[in-house]
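**Q** Sharing a structure, written as structure tokens. Questions coming.
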Amino acid sequence: MANLAERLPENIPGDFFVDASCIDCDACRQIAPGTFRDHGEQSSVYRQPETEEETRLALMSLVACPTASIGTTRKHDMRVGIDAFPSHLADNVYFCGYTSESSFGAWSYLIVRPESEGGNVLVDSPRFAGPLVKRIARMGGVRTMFLTHQDDIADHVSFAKKFGCRRVMHTADGAGRRGIEHVIEGEGEVCLDDELRVIPVPGHTRGHMVLLYKNKFLFTGDHLAWSPVKETLTAFRSVAWYSWPEQTRSMEKLLSYDFEWVLPGHGRIHQESATKMRLHLERCIEWMKATR
Ligand code: SF4
């Protein structure tokens, strides 16, 4: 729980606040942009929630925060935030909330499918929090856990143990030593089933992969995200741990695919027609090539 004594001075007075433990992951600003802002290297409350919906979003942020840095001075029904996750995005795709500090608040997602169609897929690992685990169990559990790369695996062992799911990860990001059930090798596309295509995209890490679901949803980990500032797709130059030129080359591979949603671990989600998304991808690649 957030510590009132550590309340950041940048918060406006009132009920909700952020304390000094904030790691600036951006989750609260994405979930409740009407309440939280970036004041530099941390977040703070710039406007207190007034409506029921604003309060719900602020409570969702409190639950999703990886470091429990968001608090309230008044008592709230926490179930409002807790029961909101997994939170529906589109079709049968959900945002898990409950981000983990060990993955710096990376977002994870749940694809809900009947067992006859391959079962549920968890993309990257949220925190192994009791209420979330119970909700996922009620939604059919996890058949496959897709791990985009080594930074965002958080509590994958606990999820694998609980749901007996197969985990999918690339050998170059240490899948072998982690006891991963389905180890991907090389740079070629791998089809997990008729709807799920794994595309290795080395760059951010050597074994980074993205997952394309139904040629519509692209789960991108730390490879690709939307930039609201540039108003186009972007990649993160400062954290291209393995190789920026490789990441640029990997980005070009994605031009062969259609997708309408970009669902990243870090950075912003974006939805647009496949045609417009391709144009954004081309702009991103052009910028990457010009960036050293
Ligand atoms: S979700 Fe928590 S850690 Fe992340 S920016 Fe908000 S207050 Fe900070």
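**Q** At R0 = 25 Å, how high is the FRET efficiency between Lys134 and Tyr46 if r is their beta carbon distance? Nearest 0.05 is fine.
**A** So the FRET efficiency works out to roughly 0.15.
**Q** Nearest 10 degrees is fine. How inclined is helix 52-64 to the longest principal axis of the chain, computing both from alpha carbons?
**A** 60 degrees
**Q** Quick one: work out the % antiparallel among DSSP beta bridges in the range 119-269, nearest 5.
**A** Percent antiparallel among DSSP bridges in the range 119-269 is about 50.
**Q** May I ask for the angle, rounded to the nearest 10°, between helix 244-253 and the longest principal axis of the chain, with both axes built from Cα atoms and the value confined to 0 to 90°?
**A** That works out to roughly 70 degrees.
**Q** Charges at C-beta only: +1 for Lys and Arg, -1 for Asp and Glu. How large is the resulting dipole of the chain about its Cα centre, in Debye rounded to 20?
**A** The dipole of the chain has a size of about 360 debye.
**Q** Give me the three principal axis extents of the chain from the C-alpha atoms, as integers in angstrom, largest value leading.
**A** Rounded to whole Å, the extents work out to 53, 45, 35 Å.
**Q** Can you give the three extents of the C-alpha atoms in the range 164-282 along their principal axes, from longest to shortest, in whole Å?
**A** 40, 33, 23
**Q** Return the long-range amide H neighbours of Arg268 (sequence gap of 5 or more, or a different chain), with a cut-off of under 5 Å between placed amide H atoms.
**A** Trp226
**Q** What is the set of long-range amide H partners of Gly221 at a cut-off below 5 Å, with H atoms built 1.01 Å from backbone N?
**A** The list, which skips near neighbours in sequence, is Gly265.
**Q** Going by average Cβ density within 10 Å per residue, which order do the peptides 178-187, 206-215 take, highest to lowest?
**A** Ranking, from highest mean packing down: 206-215, 178-187.
**Q** If you don't mind, there's one more thing I want to ask. Under 5 Å between amide H atoms, partner at least 5 residues away or on a different chain: which partners does Val201 have, H built in plane at 1.01 Å?
**A** His208, Met209, Val210
**Q** Continuing with this model, one more query. In degrees between 0 and 90, to the nearest 10, how far off the longest principal axis of the chain does helix 274-290 point, with axes built from Cα atoms?
**A** 90 degrees
**Q** Only sites in a loop by DSSP and with at most 10 other Cβ atoms within 10 Å count here; which GluC sites (Glu not before Pro) in the range 27-75 make the cut?
**A** Glu41, Glu50
**Q** Add -39500 (n - 2.57) for each DSSP H run of 4 or more in the chain, then divide by its residues: what number comes out at 222 nm, to the nearest 500 deg cm²/dmol?
**A** -6500 deg cm²/dmol
Read the figures in this text as sums done on the coordinates, not as results from a lab. This is a predicted model, so every value here is computed, not measured. Positions of Cβ are backbone-derived with ideal geometry, glycine not excepted, and every protein chain shown enters the neighbour counts.
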